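The values are calculated or read from the model by the stated rules, or taken from the named source; none is laboratory data. If you're wondering where the values come from, they're calculated on a predicted model, not measured in any experiment. Neighbour counts are summed over all protein chains in view; Cβ atoms, including those assigned to glycine, are modelled from backbone coordinates with ideal geometry. For accessibility, only protein heavy atoms count, side chains too; no ligands or nucleic acids. Shrake-Rupley method; radii C 1.70, N 1.55, O 1.52, S 1.80 Å.
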Amino acid sequence: MKRFLPFAFGLLLTSCVSPYNISKITPAEEDTNWAWGREFMHKTMDSVVVKIAYETNDRNNAIFNVEIENNSSRPVLVAPERFWSNMSGANLPKDIIQLQKAVDPESYYLDLAKQRSRQEAEEMNTAINHVTLSLVETASAVASIADGETPEEREERQMARAESEQNREIDLYRLENKRISLNDRKRFLDQTILRKSTLPPNSVIYGEVYFQRHDLATSYEINIPINDKLLKFHFKQSIVKP
């Protein structure tokens, strides 16, 4: 046991997750304007105006704000899963695919639906387990009283039942927090992410689009198709270490 403890402690130290670097991504073009701390580039194609600005990054993705304004006389299909980026950088590893499709926003909703399905099953199984334990405890209490349990046995049984009730409350609290977390995730996606939409004339849509990032990329070319034509936006990246 004494030999195992240093090994376990060493394993814990070597398994720590390091913080990810911060991408500082700025437009590589001059035609920009600022809005609420974000520097937007904007281009027009067939009376459709596309504005894009870098928002933030997580460990794997660079996140951009995209706004599309349809000033044409016909509907325009906005399909984020058809957007793509082209990373470039002299030091990018050879195994990195530089041309990357944007993350399909529907994949987040599918993952959320799977989590909710598992959550419901866990809630139902937990409820069944709680009812079963309550019935067993009640039957055990009746049998113990009938057998003439001693005061010490009665106290021990009551303490065990109180502990079991506390554990059930902890289970319910944990499940409630998971449910709240899933609902918050759904609300966050609904409020922020850009989803596939048919944009009617004289209307605007906006939201966030996720692209793969890499610390060794020095630039990103964001490609947005409009009416089977392509708008390209160029950004440069520097890295800030936390």
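Data for the structure
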| read-out | value |
| --- | --- |
| Stretchable slack from PHE188 to SER203, in nm (0.36 nm times residue separation minus alpha-carbon distance) | 3.1 nm |
| Value at 222 nm in deg cm²/dmol, rounded to 500, when DSSP H runs of n ≥ 4 in the chain each add -39,500 (n - 2.57) | -14000 deg cm²/dmol |
| Rounded to 10°, Cα long-axis angle of helix 4-14 versus longest principal axis of the chain | 20 |
| Most fluctuating residue given options GLU176, GLU39, GLU153, as computed from a GNM of the chain linking Cα atoms under 10 Å | GLU153 |
| Residue-span extension gain [GLU149 to LEU110] - 0.36 nm each, minus C-alpha spacing | 8.5 nm |
| Carbon plus sulfur fraction of accessible area for the chain, probe 1.4 Å, in percent | 56 |
| Nearest-ten-degree value, helix 105-146 long axis tilted from longest Cα axis of the chain | 10 |
| For the range 25-30, 3J(HN,Hα) per residue [Karplus equation, 6.51 cos²θ - 1.76 cosθ + 1.60, θ = phi - 60°, Hz, x = Gly/Pro] | 10, 10, x, 9, 10, 8 |
| Accessible solvent surface per residue of the chain, calculated while the other protein chains remain in place, 1.4 angstrom probe, Å² | 65 |
| Charge dipole of the chain about the Cα centre (unit charges at C-beta), most positive-ward option of PRO242, ILE224, TYR210 | ILE224 |
| Förster-model FRET efficiency, 41 Å R0, CYS16 and ILE180, C-beta, rounded to 0.05 | 0.90 |
| Accessible area (Å², 1.4 Å probe, nearest 10) - LYS24 | 120 |
| Cα-centre dipole for the chain with unit charges at Cβ (Lys and Arg positive, Asp and Glu negative), debye to 20 | 1120 |
| Largest-first ordering by accessible area, 1.4 Å probe, given options THR192, THR218, THR198 | THR198, THR218, THR192 |
| Cα-based Rg / Dmax (Å) for the chain | 27.8, 89 |
| ASP31 accessible area, 1.4 Å probe, all protein chains in place, Å² to nearest 10 | 90 |
| LYS196-LEU133 FRET efficiency (beta carbon distance; Förster radius 35 Å; 0.05 resolution) | 0.15 |
| Estimated FRET transfer efficiency when R0 is 22 angstrom, pair MET124-GLN158 (beta carbons, to 0.05) | 0.15 |
| Within the range 38-57, backbone nitrogen closer than 13 Å to the virtual label 7 Å beyond the Cα of SER72 toward Cβ | 44-50 |
| Candidates ARG195, ARG179, ARG213, ranked by Gaussian network fluctuation over the chain, Cα under 10 Å, top entry | ARG179 |
| The range 153-242 - charge dipole about Cα centre, Lys and Arg +1 at Cβ, Asp and Glu -1, debye rounded to 20 | 560 |
| Among ASP104, ASP58, ASP95: highest mean-square fluctuation, GNM of the chain, C-alpha pairs under 10 Å | ASP95 |
